[in-house]
Amino acid sequence: MRIRHAEANDIPAILALYNHAVRETTAAWTGREETLDDRTAWYQGRVSKALPVIVAVDDEENVAGFASYGPFRSKEGYRHTAEHTVYVDPSRHRQGIGRALMVRILEIAAAEGIHVLVGGVDGDNHASIRLHEALGFDVSGRLPQTGTKFGRWLDLVFLTKVLGPKEAPQS
Ligand SMILES: CC(C)(COP(=O)(O)OP(=O)(O)OC[C@H]1O[C@@H](n2cnc3c(N)ncnc32)[C@H](O)[C@@H]1OP(=O)(O)O)[C@@H](O)C(=O)NCCC(=O)NCCS
């Protein structure tokens, strides 16, 4: 398995992974599957702002997972914080792919001067919470019943990691 930056021809595979999660899981709090145009606009929006979109690929260049980060919130005071996502093909779970994607995302974020990475996950998503904790993220907050899908309330759990010592900007 190799981790590399995504290219435009990876977008259909990224779309398929995302839409599977929409249909089957509470990883994305929506029931609306995206179109290829939606995902292409998302990819171009990220890449045009030098934000990372990375994929894990096997020897045949099949995409087994992807990860990315973007702004956490829009006001300028949040500019040193980013919110990430990571998705792995369910048929390849528990093979170290999510960890490898997250390790690379952390490396990129640190190199880009991001101070804090935030993940927002369903409180029942134990796989994601364990993965993040294994990588040094803390559970920083739990917002009970702030979402709904599949006929039940969902707790939003924020996972945060401060990437390194950094003085607060003076302005
Ligand atoms: C969360 C997710 C990305 C993990 O990917 P993965 O490739 O299966 O995870 P890895 O094999 O790299 O696991 C790394 C560590 O995470 C933890 N972990 C992963 N899956 C787990 C599970 N089902 N139960 C408990 N711990 C788990 C373990 O600590 C594991 O280390 P170990 O295998 O040495 O015990 C994957 O389950 C997924 O894509 N889920 C759907 C999308 C999603 O929820 N994304 C997160 C929201 S942004």
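Summed over region 125-137, the residues that are outside any helix (DSSP H, G or I) and either within 7 Å of the ligand (Cβ to nearest atom) or in contact with a Leu (Cβ under 6 Å, 6 or more places away or on another chain) (or both) give a count of 2.
Annotation: of all residues in region 140-152 being charged (D, E, K, R) and open to solvent by 80 Å² or more (accessible area, probe 1.4 Å), the one that is farthest from the chain's Cα centre (by Cα) is ARG152. GLY147 satisfies every condition listed in (1) more than 18 Å from SER68 (Cα to Cα); (2) outside any strand (DSSP E or B) except (2). Within region 52-66, not a single residue is under 14 Å from the mean Cα position of the chain (by Cα), without any contact (Cβ under 8 Å) to a residue 40 or more places away in the chain and under 28 Å from ASP155 (Cβ atoms). Listed by first and then second residue, the pairs linking a residue in region 69-94 that is in contact (Cβ under 8 Å) with a residue 60 or more places away in the chain and open to solvent by 30 Å² or more (accessible area, probe 1.4 Å) to a residue that is more than 10 Å from the ligand (Cβ to nearest atom) and not small (Gly, Ala, Ser), with Cβ atoms under 7 Å apart and 6 or more places separating them unless they lie on different chains, are HIS80/ILE114; HIS80/HIS115; HIS80/VAL116.
Here is a yes/no grid of residues against (1) surrounded by 16 or more Cβ atoms within 10 Å (Cβ to Cβ); (2) at negative phi; (3) touching a His at 6+ places or on another chain (Cβ under 7 Å):
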position	(1), (2), (3)
GLU112	no, yes, no
GLY123	yes, yes, no
ASP138	no, yes, no
LEU154	yes, yes, no
LEU159	yes, yes, yes
LEU163	yes, yes, yes
SER171	no, yes, no
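Give the residues of region 25-48 that are within 16 Å of the ligand (Cβ to nearest atom), open to solvent by 60 Å² or more (accessible area, probe 1.4 Å) and either touching a residue at least 24 places away in the same chain (Cβ under 8 Å) or under 18 Å from GLY119 (Cα atoms) (or both), sorted by residue number. Those that are within 16 Å of the ligand (Cβ to nearest atom), open to solvent by 60 Å² or more (accessible area, probe 1.4 Å) and either touching a residue at least 24 places away in the same chain (Cβ under 8 Å) or under 18 Å from GLY119 (Cα atoms) (or both): TRP29, GLY31.
Taken over region 127-150, the residue count meeting the criterion of being closer than 17 Å to LYS161 by Cβ and of a type in the set (A, V, I, L, M, F, W, C) is 6. When restricted to residues that are under 14 Å from THR25 (Cα atoms) and in contact (Cβ under 8 Å) with a residue 12 or more places away in the chain, region 102-128 contains 7.
Tallying residues that are assigned to a loop (DSSP other than H, G, I, E, B) and either more than 21 Å from PRO169 (Cβ to Cβ) or within 15 Å of the ligand (Cβ to nearest atom) (or both) within region 110-124 yields 2.
The values are calculated or read from the model by the stated rules, or taken from the named source; none is laboratory data. Since the model is a prediction, treat every value here as computed from it, not as a measurement. Note: ideal-geometry Cβ built from the backbone for every residue, glycine included; neighbour counts use all protein chains shown. Just so you know, the surface numbers come from the protein's heavy atoms only, side chains and all, with ligands and any DNA or RNA stripped out. Shrake-Rupley method; radii C 1.70, N 1.55, O 1.52, S 1.80 Å.
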